[in-house]
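A.B. asks: Got a structure here, written out as structure tokens. Questions coming.
The values are calculated or read from the model by the stated rules, or taken from the named source; none is laboratory data. Just so we're clear, the structure is a prediction, and the values are computed from it rather than from any experiment. Heads up, the Cβs are rebuilt from the backbone with ideal geometry, glycines too, and the neighbour counts pull from every protein chain shown.
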Amino acid sequence: MVVGWILPLAVLWSAFLLFQVQPLISKTILPWFGGSPTVWTTCMLFFQVVLFTGYLYAHLLATYCPRKWQAIVHAGLMVLALLLMPISPSDDWKPAADVWPPGYILALLVTHLGLPYFLLSANGPLLQHWFSELAPGKVPYRLYALSNVGSLAALLTYPFLVEPNWTLPWQAEAWGWGYVGFALLLLPIALAVLKNSQRDTAEGSRQEALVGETSLPGTRTLIAWLLLPAFACIMLLATTNHVCQDMAVVPFLWVVPLSLYLLTFIFCFDGDGWYRRGWIGPMTLGSIVVISLLGIFGGMVEIAWVAVSYFGAMFFVCMICHGELVRLKPAPCHLTLFYLMISGGGALGGLFVSLVCPLIFSQYYEMPLSLIVAFGLGLWVTIKAAQTRFHSIPLWTMGVLFVGMLVTLSGQLRAFQSNYLESERNFYGVLSIREVLSSVSEPILAMYHGRIVHGFQYQTPEKRSTPTSYYARNTGIGLTMSRLTKPTGRRIGVVGLGAGTLAAYGMPGDTFRFYEINDDVIQMAQEHFTFLLDTPAKVELELGDARLSLEREEDQKFDVLVLDAFSGDAIPTHLLTREAFAIYMRHLAEGGVLAIHVSNKHLDLRPVVLGTCAQFDLESLYITTTPDAATQQTGSQWIITSRNHQFLSDDTLQLAATNLGPKVVYAKPWTDNFSNLLEVLK
């Protein structure tokens, strides 16, 4: 009974818990770090490293610990980990502005999730090892495919079932009870292992002799066990980073690539029928060529299809890595070592993307570099398949492969071409400064975050204080600043500094308080731009996540609070939740105005913002402007909302406003426990 269904169920259950907790804990701490995509990759680093330590523990326990003690030690530690429930960190763990985010995230995860995750990680290889002892002669590798089915089920149920229906505290509590259930399920398995350890000495000696006859794999095989999963992990994390930078940082966009990654494990470890070099190799090359063509002819395809192309390439590359890995799998006696090397490779991949790349690259170069390496890997597999089938490589095949290589190199090497004056990469992304010319050849300095412009400034002295881009005088925020006056001086709060353009609207007596999470933005705004220096208003700079800062501060009594954090590729959804709006309303003075910049290339945020405004009984105006190259005005969309009916009735504002009518249907307001990116995708 134990081998028949209890042990396979334990493998499935353990994997489900292991991967259900990943988006759960990541989403819990995401708002504390500004919604940065790097939160997920840092969490993935923790998961990969702890997975490796769990596999190491399983290998050492299975290799050096007496059989009767293996079950006792593991079951005892599982019970001990129950003392750490629940796993959700308290508000006391919310970070200060001066912490190093990767180190702080890792410390938080180790403290709250370290031991439970470590033990769950060990269950995969350890349970398979016990299976091989309890059922001699049966191949345990299909249990690895089963464990990945459990992992995949956890990931798919989270965004579609768990996240929309249950709050984060309830999810954490339910996960804790699931952990208790697994600990109980482990007891009959532990008893079976104890009973099995009392077999007669002759049988044990015979098994040990059998193990001794199976030699340890060679060095080249061990290196392949390490490097193949490492590269698969690099592709996973680089793709996730890239797509999240293009869209938004939400669990759904974490789950899709990770689910595809797990599917490749399931297909490859379930049997020999799924991985075929003859079709996987060409599909890999074709998908990378498509991505490269999109890079050459960018801007012509919707972002959703671009994401699909990257996910497809990642899937085929991981199929190669894991398919070749399975071709090198050892006898069951070396099972725990095999899995240890796989997890070690995953940890190396995580370390490279999360810690090494931000230190050595000023841009996200790991994606184009990975695609170039992947093309070489796909080329090797395709050539091997052609040699097997045709006994040589046909000339037409060589021609097609050569053209594909040229397209790939042309498309991916473009990422290394830049004419930036300065470029810095940190936890929050890539920030760059570039000099461009206006339509009338006037020099202009521009700040970019990724590929999104975060501010322009004319370089000629007479035009240096002119508001530009999304903040020009006829935009929603420009009109708001010009129509809202106060003899004693206005108090303006701004979420998102950018180049500091809004300071150009400052007048004597005004106070501008900027909230900026990225210290590189502050440094570049002060070094390369003069908006902050030239304004007659008082300027205050607050480093840290705006929402956390506003939570901790006393009421600021802002006459205008500007939310300007949503034009980038990855939007911080935690700044648009109902709970966030409650904080904003607390900080507005009587009659104060909330100005929300909703311009975004890929997302239509109007339904969510307007729906939330309606819930807070706020009147709203929607003001749009079209691009104007002559004045360096960027097309913009602003929602100006307030309970100040008199201000919103101003003739100038009413004339500029667009009547949305029935064109926009208000969406269900987002909360800290729920946000649906798919409903606002353009």
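A.B. asks: From the set of residues in the stretch 380-422 that are closer than 30 Å to Glu435 by Cβ and assigned to a helix (DSSP H, G or I), which is modelled with the highest pLDDT?
C.D. replies: Here the answer is Leu409.
A.B. asks: Could you please let me know if Pro125 is surrounded by fewer than 22 Cβ atoms within 10 Å (Cβ to Cβ), touching a residue at least 60 places away in the same chain (Cβ under 8 Å) and more than 19 Å from Gly544 (Cβ to Cβ)? Give the steps one after another, and end with the answer.
C.D. replies: Numbers: surrounded by fewer than 22 Cβ atoms within 10 Å (Cβ to Cβ): no; touching a residue at least 60 places away in the same chain (Cβ under 8 Å): yes; more than 19 Å from Gly544 (Cβ to Cβ): yes.
Considered against the rule, which asks whether it is surrounded by fewer than 22 Cβ atoms within 10 Å (Cβ to Cβ), touching a residue at least 60 places away in the same chain (Cβ under 8 Å) and more than 19 Å from Gly544 (Cβ to Cβ), Pro125 comes out as no.
A.B. asks: For the stretch 584-621, what are the residues that are of a type in the set (Ser, Thr, Tyr) and without any contact (Cβ under 8 Å) to a residue 40 or more places away in the chain?
C.D. replies: Hits for the stretch 584-621 are Tyr584, Ser620.
A.B. asks: While we're looking at this one, here's another question. Test Ala446 against the stated conditions and say whether it is buried (at least 21 other Cβ atoms within 10 Å of the Cβ), of a type outside the set (D, E, K, R) and in contact with a Pro (Cβ under 6 Å, 6 or more places away or on another chain).
C.D. replies: In short, no.
A.B. asks: For the stretch 296-311, does any single residue satisfy the condition of being of a type outside the set (Ser, Thr, Tyr), modelled with pLDDT of 90 or more and crowded, with 21+ Cβ neighbours inside 10 Å? Lay out the reasoning, then the answer.
C.D. replies: Taking the stretch 296-311 and keeping what is of a type outside the set (Ser, Thr, Tyr), we get 296-308, 311.
Those still in the list that are modelled with pLDDT of 90 or more too: 311.
Keeping just the survivors that are crowded, with 21+ Cβ neighbours inside 10 Å gives none.
The answer is no, given that none of the residues of the stretch 296-311 is of a type outside the set (Ser, Thr, Tyr), modelled with pLDDT of 90 or more and crowded, with 21+ Cβ neighbours inside 10 Å.
A.B. asks: Which numbered condition in (1) of a type in the set (Val, Ile, Thr); (2) out of contact with any Leu (no Cβ under 8 Å at 6 or more places or on another chain); (3) assigned to a helix (DSSP H, G or I) is the only one that Ile372 fails?
C.D. replies: (2)
A.B. asks: Would you confirm whether or not the stretch 559-567 contains a residue that is surrounded by 20 or more Cβ atoms within 10 Å (Cβ to Cβ), touching a His at 6+ places or on another chain (Cβ under 9 Å) and farther than 29 Å from Ala667 by Cβ?
C.D. replies: no
A.B. asks: What strands (runs of 3 or more DSSP E) completely inside the stretch 450-535 contain at least 1 residues that are without any contact (Cβ under 8 Å) to a residue 12 or more places away in the chain?
C.D. replies: none
A.B. asks: Among the numbered criteria (1) surrounded by 23 or more Cβ atoms within 10 Å (Cβ to Cβ); (2) in a helix (DSSP H, G or I), which one does Met585 miss?
C.D. replies: Result: Met585 fails condition (1) only.
A.B. asks: Can you work out which of the residues in the stretch 71-112 that are surrounded by fewer than 17 Cβ atoms within 10 Å (Cβ to Cβ) and of a type in the set (Gly, Ala, Ser) is farthest from Pro31 (Cα to Cα)?
C.D. replies: Checked the stretch 71-112; the qualifying residue farthest from Pro31 (Cα to Cα) is Gly76.
A.B. asks: Got at least one residue in the stretch 345-356 being free of Cβ contacts under 8 Å to residues at least 24 places away in the same chain, small (Gly, Ala, Ser) and assigned to a helix (DSSP H, G or I)?
C.D. replies: The answer is no; no qualifying residue exists.
So that you can scan it fast, the table gives a plain yes or no per residue for (1) surrounded by 24 or more Cβ atoms within 10 Å (Cβ to Cβ); (2) assigned by TED's automatic domain parsing to the domain that holds Glu551; (3) not in a helix (DSSP H, G or I):
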{"position": "Val3", "(1), (2), (3)": "no, no, no"}
{"position": "Leu12", "(1), (2), (3)": "no, no, no"}
{"position": "Gln22", "(1), (2), (3)": "yes, no, no"}
{"position": "Pro31", "(1), (2), (3)": "no, no, no"}
{"position": "Ser36", "(1), (2), (3)": "no, no, yes"}
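A.B. asks: Considering (1) surrounded by fewer than 16 Cβ atoms within 10 Å (Cβ to Cβ); (2) modelled with pLDDT of 95 or more, say which one Val593 fails and leave the rest.
C.D. replies: (1)
A.B. asks: Is there a residue being touching a Gly at 6+ places or on another chain (Cβ under 8 Å), of a type outside the set (Gly, Ala, Ser) and at pLDDT 85 or above anywhere in the stretch 190-201?
C.D. replies: No, the stretch 190-201 contains no residue that is touching a Gly at 6+ places or on another chain (Cβ under 8 Å), of a type outside the set (Gly, Ala, Ser) and at pLDDT 85 or above.
A.B. asks: Another question about this same structure. Considering only the stretch 503-516, state which residues are within 25 Å of Thr38 (Cβ to Cβ) and either surrounded by fewer than 18 Cβ atoms within 10 Å (Cβ to Cβ) or out of contact with any helix residue (DSSP H, G or I) (no Cβ under 7 Å at 6 or more places or on another chain) (or both).
C.D. replies: Phe514
A.B. asks: Every residue in the stretch 465-477 that is buried (at least 24 other Cβ atoms within 10 Å of the Cβ) and under 16 Å from Leu655 (Cβ atoms), please.
C.D. replies: Thr475, Gly476
A.B. asks: Condition first: among the acidic types (Asp, Glu) and modelled with pLDDT under 90. Now tell me which residues in the stretch 533-553 satisfy that. Reasoning before the result, please.
C.D. replies: As a first pass, look at the stretch 533-553 and keep what is among the acidic types (Asp, Glu): 534, 540, 542, 545, 551, 553.
Across the stretch 533-553, the qualifying residue is only Asp545.
A.B. asks: Can you list residue pairs whose Cβ atoms sit under 7 Å apart, with the first residue in the stretch 59-86 being of a type in the set (Val, Ile, Thr) and the second being not in a helix (DSSP H, G or I)? Count only pairs 6 or more apart in sequence or on different chains.
C.D. replies: Within 7 Å, the pairs are Val73/Cys65.
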